[in-house]
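Chemist: Take this structure first; my questions come after.
The values are calculated or read from the model by the stated rules, or taken from the named source; none is laboratory data. These figures come from a predicted structure and were not determined experimentally. We place every Cβ from the backbone using ideal geometry, glycine too, and count neighbours over all the protein chains shown. For the accessible areas, the whole protein counts, side chains as well, though only heavy atoms, and no ligand, DNA or RNA atoms are used. Shrake-Rupley method; radii C 1.70, N 1.55, O 1.52, S 1.80 Å.
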Amino acid sequence: MADVSSKELYEFKKTLKELSNKKGKGTELVSMYIPPDKQLSDVAKQMRDELGQSANIKSKQTRKNVQSAIEVIMQRIRLFKQPPENGLVLFVGMIPKGGPGTEKMETVVFEPPEPIQTYWYICDSTFFLEPLEEMISSKEVYGLAVIDRKEATIATLKGKRIDIISHLTSGVPGKHKAGGQSQRRFDRVIEIAAHEFLKRIGSHMNDAFLEIKDDLKGVILGGPGHTKEDFYNGDYMQYEIKDKVITTVDTSYTGEFGIREVINKSASVLEELDVIREKELVQKFLKELIDEQGLASYGEKEVRNNLQIGAVDTLLLSEDLKSKRLTIDCPSCGFNAEVTQKEGQKVKDLTCPKCNEKMKITKEEDLIENFVEIAEDLGSHVEIISTETEEGIQLYRAFGGIAAILRYHIS
């Protein structure tokens, strides 16, 4: 997702949310994922076969709806000579708008932001969105290491994909029955061997994670016993990697089973990281706001003005913003303007201030999309803030869901 703009990512997430809310009456919503290397002629052939097999569906209404969806898919794929670079996804089906008889055919077709790996054709009462949902999370990379005195496994987690980078064994001697001076000598040998093993682990982690340090969101250490703490507290990792360690986790296993155990036990921590980051951003804005010389701005009009002159460093937008940005034109004298329509608000008859003629709405855009487009054109960072935290709720309720941290003071 590295090459996807903030606007494209927002639109992608918005589409997924809309699709997840759609429900069919039966197993008649069709989800199709076509990888970029898939021959569309093969897809068309399968659709013709599916059309024939659908005649066996017992329910007359479900049979009719499934056949209609398949015909729509066949029509849409004829528009392509081959799948786009990242493949093609199609979601087609009859969606009820109210009671019985209110169903309408809906079709969503687009190229996903990352390549599709597997061909899917699924009929269900909901759309199959899991592969696309994984794409959202896959932009974040975590480093993982499971360590004890006998072995260590180093891996990365990207979305739900685990890549084992290296597995090391120590050769550190186990328990012994020697006594007296022999015992002390054996203890020293064991400690030296353990120290050298931790140095080797650190070297492998540095090699693995320094290459991806800009994309590395955090490092998690796991393992049975106290070896992981000894490793973290010692001087074994390069400081840029050590600074990214976010937690340590006790596990019963090492190796790949240990890596999976670390992931399972860290799930709440990983989910919390995004929440913490959002909280810190809003808190930074609030800190700037109460400072007399602070670099803060809020409210749609003020933030829009500061954004358009390039003064905004980070734009904060609440994901709960549901307003629309309308472009209105006068068909008589050509005067045009932009106005914001809040959710649930009806636009009254708009009279042209120049000739008093009635103006027409010529463009309607989601307010978030409108802000994000301006921000990207001017190189401002954009952060979409959820309302899962007190800070997120405060941004939405107290500041209208629109705020900014500025690059410089505005006189």
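Chemist: Being closer than 15 Å to Ser318 by Cα, within 22 Å of the chain's Cα centre (by Cα) and open to solvent by 40 Å² or more (accessible area, probe 1.4 Å) is the filter here, so list the residues in the range 267-305 that pass it.
Modeler: Residues satisfying the conditions are Asp274, Arg277, Lys279, Glu280.
Chemist: Oh, and also: Open to solvent by 30 Å² or more (accessible area, probe 1.4 Å) and within 16 Å of Leu16 (Cβ to Cβ): which single residue out of Phe91, Phe110, Phe127 fits that description?
Modeler: From the options Phe91, Phe110, Phe127, the qualifying one is Phe110.
Chemist: Next question, about the same structure. Can you name every residue in the range 188-211 that is under 29 Å from the mean Cα position of the chain (by Cα) and open to solvent by less than 10 Å² (accessible area, probe 1.4 Å)?
Modeler: Across the range 188-211, the qualifying residues are Met205, Phe209.
Chemist: Something else now. Scan the range 306-347 residue by residue and report those that are part of a strand (DSSP E or B), small (Gly, Ala, Ser) and either open to solvent by 50 Å² or more (accessible area, probe 1.4 Å) or modelled with pLDDT of 90 or more (or both).
Modeler: Correct list: Ser318 only.
Chemist: With closer than 15 Å to Val141 by Cβ and hydroxyl-bearing (Ser, Thr, Tyr) as the only criterion, which of Ser266, Ser252, Ser166 stands out?
Modeler: Checking each option against the conditions leaves just Ser266.
For every residue, the table says whether it meets (1) of a type outside the set (Phe, Trp, Tyr); (2) open to solvent by less than 10 Å² (accessible area, probe 1.4 Å); (3) assigned to a strand (DSSP E or B).
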position: Lys213; (1), (2), (3): yes, no, no
position: Asp230; (1), (2), (3): yes, no, no
position: Tyr236; (1), (2), (3): no, no, no
position: Ile241; (1), (2), (3): yes, yes, no
position: Ile246; (1), (2), (3): yes, no, yes
position: Gly258; (1), (2), (3): yes, yes, no
position: Ile263; (1), (2), (3): yes, no, no
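Chemist: Within the range 156-182, how many residues turn out to be open to solvent by 80 Å² or more (accessible area, probe 1.4 Å), at pLDDT below 75 and of a type in the set (Val, Ile, Thr)?
Modeler: Here the count works out to 0.
Chemist: Which number in (1) open to solvent by 50 Å² or more (accessible area, probe 1.4 Å); (2) outside any strand (DSSP E or B) marks the one condition that Ile374 misses?
Modeler: Evaluating Ile374 over (1) open to solvent by 50 Å² or more (accessible area, probe 1.4 Å); (2) outside any strand (DSSP E or B) leaves (1) as the failure.
Chemist: Would you be able to tell me the number of residues in the range 10-45 that are open to solvent by 30 Å² or more (accessible area, probe 1.4 Å) and either part of a helix (DSSP H, G or I) or small (Gly, Ala, Ser) (or both)?
Modeler: Total meeting the criteria: 11.
Chemist: Lys81 versus (1) open to solvent by less than 50 Å² (accessible area, probe 1.4 Å); (2) over 29 Å from Leu317 (Cβ atoms): which is the lone unmet condition?
Modeler: For Lys81, the exception is condition (1).
Chemist: For the condition within 15 Å of Leu29 (Cα to Cα), part of a loop (DSSP other than H, G, I, E, B) and in contact with a strand residue (DSSP E or B) (Cβ under 6 Å, 6 or more places away or on another chain), what is the one hit in Phe127, Phe91?
Modeler: Phe127
Chemist: Is it fair to say Glu357 is at pLDDT below 95, in contact with a Pro (Cβ under 9 Å, 6 or more places away or on another chain) and either among the polar types (S, T, N, Q) or farther than 24 Å from Ser411 by Cα (or both)?
Modeler: Judged against the criteria, Glu357 is a match.
Chemist: For the range 377-401, give me the residue count where each residue is of a type in the set (Asp, Glu), within 26 Å of Glu271 (Cα to Cα) and either touching a Lys or Arg at 6+ places or on another chain (Cβ under 7 Å) or part of a helix (DSSP H, G or I) (or both).
Modeler: 2
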